[in-house]
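Following: one structure in structure tokens, then a few remarks.
Please treat every number below as a calculation from the coordinates, not as lab data. Because the structure is a prediction, the values reported are computed rather than measured. With ideal geometry, Cβ positions are generated from the backbone for all residues, glycine too; neighbour counts draw on all protein chains shown.
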């Protein structure tokens, strides 16, 4: 069973690329999540997605830096990463543990703060997209979903920007009509993002051609949402070159992948009562968890 994506380029492709792009696959942790990028025609209230503010590194040091192994056993590994002094985070520790009785991995992240602050955060598993159309079935139970509030640079978007919907089967399609996001891939080259707010249960991905399912579970009190990033040959820019195929299913507390200040400041999501950041305090480490488990259909 191979549920997670791998990049079609070698890790040594370009040392100037951010670490998360050189190794874009599997699951990684984002703190702070986002950083913004090339977005046109931002929806009302989302102007900062289109301004010149781009934080670096994209998705924070945790997604790009080399971690230090602090403990390594047969069934688990613990890693640590110290943050630059400019961040309110002092260090983070990440433990990845394998279950003894089934194919399941449990991930725990502890965050030690320098100062009291709010930060956007997310786990970032990327699922492998099957070759055949509509052979990956996504199940998700959420309160309300938003399409991306602007036009992504490649404009291979499947959904109309700046819209809301309540069911993956019935999302607003680009330039009109409706589109079904619960069965992927869609077919044409795609680059799109939707945010499912107020997740009620774990998300499930059923790989019908291989007859197995992947369940992703996490502590939804702290990370109440899940962002779905669909990248199916949707960019010809380096390193993508029209080759990358993956589906990000990202448990999160953030305002999409915008500038960090957008997630911790006023934005349309938290104005509607949807948390877009995690509170961290000195001397009281925050703890976030995520579990990935596979089973046969």
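Summary table
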quantity	calculated
Order of 41, 27, 85 - criterion: other Cβ atoms within 10 Å of each residue's Cβ, fewest first	85, 41, 27
Options (1) 1.08; (2) 1.04; (3) 0.95 - which one matches Cα Rg over 2.2 N^0.38 Å as calculated here	(3)
Within a Gaussian network of the chain (alpha carbon springs, distance under 10 Å), most fluctuating of 125, 18, 251	18
Pairwise centroid distance, computed over Cα atoms, of the stretch 134-205 with the stretch 220-253, Å	12
Most mobile of 285, 84, 172 in a GNM of the chain (Cα contacts under 10 Å)	84
Sequence ranges 180-193, 127-140, ranked by mean other-Cβ count within 10 angstrom, highest first	180-193, 127-140
Against the rule of thumb 2.2 N^0.38 Å, how large the Cα Rg of the stretch 141-284 comes out	1.08
Ascending count of other beta-carbon atoms within 10 Å, so fewest first, for 249, 118	118, 249
Among 159, 53, 226, residue whose mean-square fluctuation peaks in a GNM of the chain (springs only between Cα atoms under 10 Å)	53
Peptides ranked, highest mean first, by Cβ atoms within 10 Å: ranges 94-103, 288-297, 142-151	142-151, 288-297, 94-103
